[in-house]
Amino acid sequence: MARRARRILPGYGLTLGLTWFYLGLLVIIPLSSLFLKTFTMSWDQFWSTVASARALAAYRLTFSASLVAALINAVFGLLVAWVLVRYRFPGKALVDALVDLPFALPTAVAGLTLTALYSSNGWYGRYLEAAGIHVAFTSIGVAVALTFIGLPFVVRTVQPVLEDIDADVEEAAATLGATPWETFTRVIFPSILPALLSGFTLALARALGEYGSVVFISGNMPMRTEIAPLLIITQLEQYDYAGATAIAVVMLTASFTLLLAVNLLQRWSRRRLETRPS
């Protein structure tokens with residue numbers, strides 16, 4: 001009888017069990033309780049809560065601002081990662097550290113800072129409002145706050161991939177007559193696309209659940225600048241726990257569906273890159 005191959009790291013069953021226990025304790029059970037609390041409502045109560053005009057306005061603002069912020073971060077996050085990897089310049093270490101600032105900065109502090117900057121008498125706001133552009137207490141301010149907190153996800157996801165791309169590949173493309181634009185679009189960009197989609201997904205997921213940095217700069221006006229997480233907090237403050245969980249279930253389902261679609265696109269792009277002839 002053939003002897004079973006010995007594992008280099010023993011304890012597969014134990015570690016797998018601990019993994020499921022950890023995920024169940026922190027993820028599965030809390031999310032299950034969310035659905036169970038929602039099931040205490042009748043269908044009419046559920047629908048009147050999640051499909052009210054105020055809730056629909058909050059959904060539209062949350063998803064549209066999050067998508068805009070994630071797209072902006074995908075473009076400029078790639079640019080920042082490119083500069084940090086490809087160029088040497090004075091203060092590079094400082095710029096690299098500043099990228100991680102939204103990770104370390106409390107979101108409430110970020111919201112207060114952005115509000116002070118973009119208010120009518122702020123450093124940026126006074127000039128923007130003179131040009132007819134209002135940022136603070138508008139949907140634009142919500143997008144600005146979500147862009148701020150999502151930038152590090154794209155940069156830190158794309159940066160290691162750019163560092164692993166051998167410069168010889170670019171030199172070979174140039175030797176074969178490729179222009180710099182053709183080298184980037186046909187050689188470099190396909191290699192970093194899966195990482196860029198991962199960063200985009202992380203930034204989008206972070207923006208969908210953001211509350212602290214938005215609550216100050218948005219103004220929290222129902223039907224105009226109220227985001228879905230704030231609406232959930234409002235329901236909780238009114239002791240409408242079932243209503244809060246109902247809106248949370250809608251956000252959870254929609255967010256999971258959107259993130260699943262992006263992950264499938266990311267997997268498709270990775271497989272396409274792997275099967276592409278060299």
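The values are calculated or read from the model by the stated rules, or taken from the named source; none is laboratory data. No experiment lies behind these values; they were computed from the predicted model shown. Cβ placement follows ideal geometry from the backbone for every residue including glycine, while neighbour counts extend to all protein chains displayed. Heavy atoms of the whole protein, side chains included, go into the accessibility calculation; ligands, DNA and RNA do not. Shrake-Rupley method; radii C 1.70, N 1.55, O 1.52, S 1.80 Å.
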With a length cut of 18 Å (Cα positions projected on each helix's long axis) and a Kyte-Doolittle mean of at least -1.0, go through the chain and give me the DSSP H helices that pass. 53-86, 139-164, 189-208, 241-275
Along the charge dipole of the chain, Cβ charges K/R +1 and D/E -1, which of Ser139, Thr179, Ala167 sits furthest on the positive end? Ala167
In whole Å, how far is the Cα centre of the stretch 56-101 from that of the stretch 24-41? 33
Mind grabbing the accessible area of Leu34 for me, 1.4 Å probe, Å², rounded to tens? 40
Find the Cα radius of gyration of the stretch 211-278, compare it with 2.2 N^0.38 Å by division, and give the number to two decimals. 1.69
By average C-beta atoms within 10 angstrom, highest first, the peptides 116-128, 226-238, 14-26: 226-238, 116-128, 14-26
Over all Cα pairs of the stretch 159-278, how is the pair count split among 5 Å bins, expressed in % and running from 0 up to the last occupied bin? 2, 9, 14, 15, 13, 9, 8, 8, 8, 6, 4, 2, 1, 0
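Please list Phe39, Phe46 in order of solvent-accessible area, largest first, computed with a 1.4 Å probe with all protein chains present. Please list the in-between numbers first.
Values: Phe39 145, Phe46 40 Å².
Ranked from most to least accessible, the order is Phe39, Phe46.
Averaged across orientations, what area in nm² does the convex hull of the alpha carbons in the stretch 1-135 project?
Details: hull surface 72.7 nm².
For the Cα atoms of the stretch 1-135, the hull's average projected area reads 18.2 nm².
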Using a 1.4 Å probe on heavy atoms of the protein chains only, the accessible area for Trp82 in Å², nearest 10, reads 50
The chain, dipole about Cα centre (Lys/Arg Cβ +1, Asp/Glu Cβ -1), debye to the nearest 20: 800
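With a sphere of radius 15 Å drawn around the Cβ of Leu105, what net charge do the other residues whose Cβ falls strictly inside it have (Lys, Arg +1; Asp, Glu -1)?
-1
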Ignoring everything except DSSP H segments at least 4 long, calculate the 222 nm mean residue ellipticity for the chain; use -39,500 (n - 2.57) per segment, divide by total residues, nearest 500. -23000 deg cm²/dmol
Scattering curve values for the stretch 56-197, log₁₀ I(q)/I(0), Debye with Cα scatterers, q = 0.10, 0.13, 0.16, 0.22 Å⁻¹: -0.46, -0.72, -0.95, -1.31
Please calculate how many Å² of accessible area the stretch 166-276 carries per residue, with a 1.4 Å probe and no DNA, RNA or ligand atoms counted. 54
What is the distance in Å between the Cα centres of the stretch 225-244 and the stretch 115-159? 25
Shape metrics for the chain, restricted to C-alpha atoms - Rg then Dmax, Å: 23.0, 84
Give the accessible area for Met223 in Å² (nearest 10); use a 1.4 Å probe, count only protein heavy atoms, and leave out ligands, DNA and RNA. 100
